[in-house]
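Student: Below you'll find the structure I mean.
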Amino acid sequence: MKRVILIKYGELTTKKGNRNFFISTLMQNIKNKLKNFDVIIIKDRSRMYIEFHDEDLEQIKRKLDCVFGIHMYHIAYLVDTNIDSIKNLLIELVQNLDFKTFKVETKRSDKIFPIHSQEMNRLLGSVVLKNKDNISVDVHHPELFIKVEVREKSSYIYFNAYHGAGGYPIGTQPRGMLMLSGGIDSPVAGYMAMKRGIPVDCVYFEAIPHTSLDARNKVIELSKKLAKYTNEVHLHIVNFTKIQEEIYKNCHPSYCITIMRRMMYRIMERLADQYQAYAIINGESVGQVASQTLTSMRVINEVTCMPVLRPVACFDKLEIIDYAKKIDTYDISILPYEDCCTVFVPKHPVINPSLEQAKKEEAKFDFSPMIDIAVENIHTIVLKESDDSFSDLL
């Protein structure tokens, strides 16, 4: 019995004239994920099919679970599109299954096929009842849900359903630059941006010796977690030490966080231009800390014309933690190594900063040359899932 993986697109089917672009991007992403497996991938406007070797199935499923754009997939049995072949295969399959109640649902995509869907349901249901003892039909809460798709050349029988990652395939939107701090929120923001089709580069601001190499290692590990949803992630490490020291030497303590974030946004915009990115992404959540009030966001945003995406802006902390656990970043994020956003937090940061005062504070030192130096000396590494080749950086 030949099996295939049958992939359903979900939201992609709403794209009308752009559907082929989205489906072709999804197919390419799946090919990249499964490049180490001997598979054949076939697509049409409503389904995608993957032919595979049985011994690879579990590994392939784990890969597919991390591909955005897949709404659902099934392990389906392939059969010729004629009624006798479908009945005979179904009889053979149900003999090996343990169930008391069942339901049959047929989707007849091949309109030339002479038996309509409802008639097929009754016909195949009676076949199952005749060839399996002590079972009954339950159309509301069946133990076994038998699905049959009748298509022109081949038909498919399946019983299972695996939920995919959903969203849009990565690459259907331009690149975004993620401010990856090492905390709980920013990896979740990166995941959610990728789910909307945005390829993500990560940017980490460090201030050695005030921040540690352990903090850098956290961000590397978090980048690897994000890399499993794409081919690879580029991590840009910014030496922020000199800028941060000058801020705390010259600016009023209550405005230091505001000025620091404005400097970061200036650097992020420069990097976005350099890497043809169209947005800055971060893990800010409205009201969570002083720099994340709406007033603070407005003052900080003033230095850039780039769109700033905040995917977790309206989530509470517990919701963000749930997502972090789902994508397996939580245990890394809570490791006790401070980043440059937390190591210098003043006792009383301003909650509602004034734009005029912020400009006065940053005018107290010449930051432009320092930003130039930081951008010119960025260190970039390329990270892949389970890549252990960067110990020399730590």
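The values are calculated or read from the model by the stated rules, or taken from the named source; none is laboratory data. Values in this document were obtained by computation on a predicted structure and should not be read as measured data. A quick note on method: Cβ atoms are made from the backbone with ideal geometry, for glycine too, and the neighbour counts reach across all protein chains shown.
Student: In the range 162-178, what count of residues is obtained for those that are assigned to a strand (DSSP E or B), of a type outside the set (Gly, Ala, Ser) and touching a helix residue (DSSP H, G or I) at 6+ places or on another chain (Cβ under 6 Å)?
Tutor: Here the count works out to 2.
Student: Has the range 87-101 got at least one residue that is among the basic types (Lys, Arg), closer than 30 Å to residue 123 by Cβ and either part of a helix (DSSP H, G or I) or outside the structural domain of residue 116 (by TED's automatic domain parsing) (or both)?
Tutor: yes
Student: From the set of residues in the range 318-339 that are of a type in the set (Val, Ile, Thr) and surrounded by fewer than 18 Cβ atoms within 10 Å (Cβ to Cβ), which is farthest from residue 285 (Cα to Cα)?
Tutor: The selected residue is 334.
Student: May I ask you to list the residues in the range 185-214 that are touching a residue at least 60 places away in the same chain (Cβ under 8 Å), within 27 Å of residue 377 (Cα to Cα) and assigned to a loop (DSSP other than H, G, I, E, B)?
Tutor: 198, 207, 210, 211, 212
Student: Just to be sure before I move on: is residue 25 hydroxyl-bearing (Ser, Thr, Tyr), surrounded by fewer than 18 Cβ atoms within 10 Å (Cβ to Cβ), within 30 Å of residue 174 (Cβ to Cβ) and in the same structural domain as residue 94 (by TED's automatic domain parsing) in the structure I sent?
Tutor: Spelling it out, it is not the case that residue 25 is hydroxyl-bearing (Ser, Thr, Tyr), surrounded by fewer than 18 Cβ atoms within 10 Å (Cβ to Cβ), within 30 Å of residue 174 (Cβ to Cβ) and in the same structural domain as residue 94 (by TED's automatic domain parsing).
Student: Among the residues of the range 123-152 satisfying the criterion of being within 41 Å of the chain's Cα centre (by Cα) and assigned to a strand (DSSP E or B), which is surrounded by the fewest Cβ atoms within 10 Å (Cβ to Cβ)?
Tutor: By that ranking, first place goes to 137.
Student: Would you confirm whether any residue within the range 289-311 is under 23 Å from residue 385 (Cβ atoms) and in contact (Cβ under 8 Å) with a residue 60 or more places away in the chain?
Tutor: yes
Student: Can you find, within the range 65-78, the residue that is nearest to the chain's Cα centre (by Cα) among those that are buried (at least 22 other Cβ atoms within 10 Å of the Cβ) and outside any loop (DSSP other than H, G, I, E, B)?
Tutor: 73
Student: Name the single residue, out of those in the range 88-122 being of a type in the set (Lys, Arg) and surrounded by fewer than 17 Cβ atoms within 10 Å (Cβ to Cβ), that is farthest from residue 144 (Cα to Cα).
Tutor: 111
Student: On to the next question. Looking only at the range 154-165, decide whether some residue is surrounded by fewer than 16 Cβ atoms within 10 Å (Cβ to Cβ) and among the small types (Gly, Ala, Ser).
Tutor: Yes, the range 154-165 contains a residue that is surrounded by fewer than 16 Cβ atoms within 10 Å (Cβ to Cβ) and among the small types (Gly, Ala, Ser).
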